[in-house]
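Participant: Once you've had a glance at the structure underneath, I'll fire off some questions.
The values are calculated or read from the model by the stated rules, or taken from the named source; none is laboratory data. Note that the coordinates shown come from a computational prediction; the quantities given were computed from them, not determined experimentally. We place every Cβ from the backbone using ideal geometry, glycine too, and count neighbours over all the protein chains shown.
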Amino acid sequence: MSAENHSPLAQFEIKRFVEMNVGGIDASFTNSSLWMVITVVAVTAMLTLSMRGRAMVPGRWQSVAELSYEFIANMLRENVGSEGRRYFPFVFTLFMFILFSNVLGLIPYSFTSTSHIIVTFGMAIVVFLGVTLIGIIRHKGKFLTLFAPSGVPVFLMPLLIPIEIISYLTRPVSLALRLFANMMAGHTLLKVFGGFVVALGVFGIAPLFFIVALYGLELIVAFLQAYVFTILTCLYLNDAIHLHH
Amino acid sequence: MTEEDPKTSFSELDARLHKARQKEDERVTRLAKTAPEKPGAGAAMRIAVEMISALLVSGGIGWYLDDWLGTRPWVMLAMLLLGCGVGLRNTYRTAMRLNADLHEGLPSDDSVAKPPEEK
């Protein structure tokens, strides 16, 4: 680490490893891309290697894989119902990717790809467009009733329909913002207190203990944010499939 | 060992399996509903994000509409007002959902699937 890179925000800096330019768009392979690749490889390796034994009584790794499968399968069943089954691969991939990049980002010197809003927004917009398309394909024009709240006097409709539409449009933004803000705030805080430890010398032991606690909290946040992102995806999917708000 | 008709014993096993599976489903459902502990800061963050994103989206739409129609501040101002309304409504919904999760302990299926409506 170079001396001038002590800003708590330096950890979010994008470094280009391989410069690439596809049709005027900067598509360089960066540290963010590298960590996304590592995330995908880690998830794939964990799931395939742990399930290779296919034991009746699962070992530790196999249990982890089975638990995560069941966790998402149950989430889908509870929130979307049996029709949600076919979207399981997508939702599971989403959950594992976010969870792994959040947790891998907690390793010192690593990079948290989910701490960049473009990454989280990319995922959120895929969810948003996908869910909207599913709703339109399933219900055709009836999909628009999602924007008309039931049991409301007609003269309030001109006000309520725009509100519902904007509220619908805020979904990807709030999804992306929540994950990004949580990851970035947590990592910045860790770095700031890390700086205190160095600056205070012997008395740095106090912030050091605080960091240990904060690190635990960050682990919870890493899981919780993956959970929140996925469960909101499920709720949106439910809205699109069953059309009740 | 008394000989049983293999078919009836199979269907019996099937019934028992079905019952066990149902029980497990219920247990898992209950567990999943109570499992994720929400720290206070997380809840606050969720609520704040609702407000901010509503303002961002409506402000952004207003900005582009202004560009398009050439009515610089007006559409954006109107949209920001509307955005306040949307933000408050979303905030209220999220808060009510959090509240329901907190107080009921075991929320019914509905309260998770759809937030309580404010009429």
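Participant: Cβ-Cβ below 7 Å, separation at least six or inter-chain, first residue in the stretch A:73-86 and more than 15 Å from A:Tyr227 (Cα to Cα) and of a type in the set (Asp, Glu), second at pLDDT 85 or above and in a helix (DSSP H, G or I): which pairs?
Facilitator: Within 7 Å, the pairs are A:Glu83/A:Ile241.
To keep it simple, each residue is scored yes or no on (1) over 23 Å from the mean Cα position of the chain (by Cα); (2) within 14 Å of chain B (Cβ to nearest Cβ).
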{"site": "A:Val41", "(1), (2)": "no, no"}
{"site": "A:Met51", "(1), (2)": "yes, no"}
{"site": "A:Met56", "(1), (2)": "yes, no"}
{"site": "A:Glu66", "(1), (2)": "no, yes"}
{"site": "A:Asn74", "(1), (2)": "no, yes"}
{"site": "A:Val80", "(1), (2)": "no, yes"}
{"site": "A:Arg86", "(1), (2)": "no, no"}
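Participant: Please find, within the stretch A:18-36, the residue that is surrounded by the most Cβ atoms within 10 Å (Cβ to Cβ) out of those that are in contact with a strand residue (DSSP E or B) (Cβ under 9 Å, 6 or more places away or on another chain) and over 27 Å from A:Gly195 (Cβ atoms).
Facilitator: A:Ser33
Participant: Within the stretch A:202-242, which residues are more than 23 Å from A:Gly105 (Cα to Cα) and either free of Cβ contacts under 8 Å to residues at least 24 places away in the same chain or of a type in the set (Ser, Thr, Tyr) (or both)?
Facilitator: A:Val202, A:Phe203, A:Gly204, A:Ile205, A:Ala206, A:Tyr236
Participant: Next question. Looking at the stretch A:146-179, which of the residues that are facing chain B (nearest Cβ under 8 Å) and outside any helix (DSSP H, G or I) is surrounded by the fewest Cβ atoms within 10 Å (Cβ to Cβ)?
Facilitator: Among residues in the stretch A:146-179 that are facing chain B (nearest Cβ under 8 Å) and outside any helix (DSSP H, G or I), the one surrounded by the fewest Cβ atoms within 10 Å (Cβ to Cβ) is A:Gly151.
Participant: In addition: What residue, of A:Ala65, A:Ala55, A:Ala45, is aliphatic (A, V, I, L, M) and outside any helix (DSSP H, G or I)?
Facilitator: The match here is A:Ala55.
Participant: Something else now. Quick check on the stretch B:53-68. Is at least one of its residues acidic (Asp, Glu), modelled with pLDDT of 85 or more and part of a helix (DSSP H, G or I)?
Facilitator: Within the stretch B:53-68, one or more residues are acidic (Asp, Glu), modelled with pLDDT of 85 or more and part of a helix (DSSP H, G or I).
Participant: Let me ask something additional. Which number in (1) assigned to a helix (DSSP H, G or I); (2) hydroxyl-bearing (Ser, Thr, Tyr); (3) within 11 Å of chain B (Cβ to nearest Cβ) marks the one condition that A:Tyr236 misses?
Facilitator: Every listed condition holds for A:Tyr236 apart from (3).
Participant: Can B:Glu50 be described as within 23 Å of B:His103 (Cα to Cα), of a type outside the set (Val, Ile, Thr), at pLDDT 85 or above and in a helix (DSSP H, G or I)?
Facilitator: yes
Participant: Further question on the same structure: Please state which one of A:Thr120, A:Thr93 is modelled with pLDDT of 90 or more, buried (at least 16 other Cβ atoms within 10 Å of the Cβ), assigned to a helix (DSSP H, G or I) and of a type in the set (Val, Ile, Thr).
Facilitator: None of the others qualify; the one that does is A:Thr120.
Participant: Which residues, counting only those in the stretch A:211-223, are surrounded by 18 or more Cβ atoms within 10 Å (Cβ to Cβ) and within 11 Å of chain B (Cβ to nearest Cβ)?
Facilitator: A:Val221
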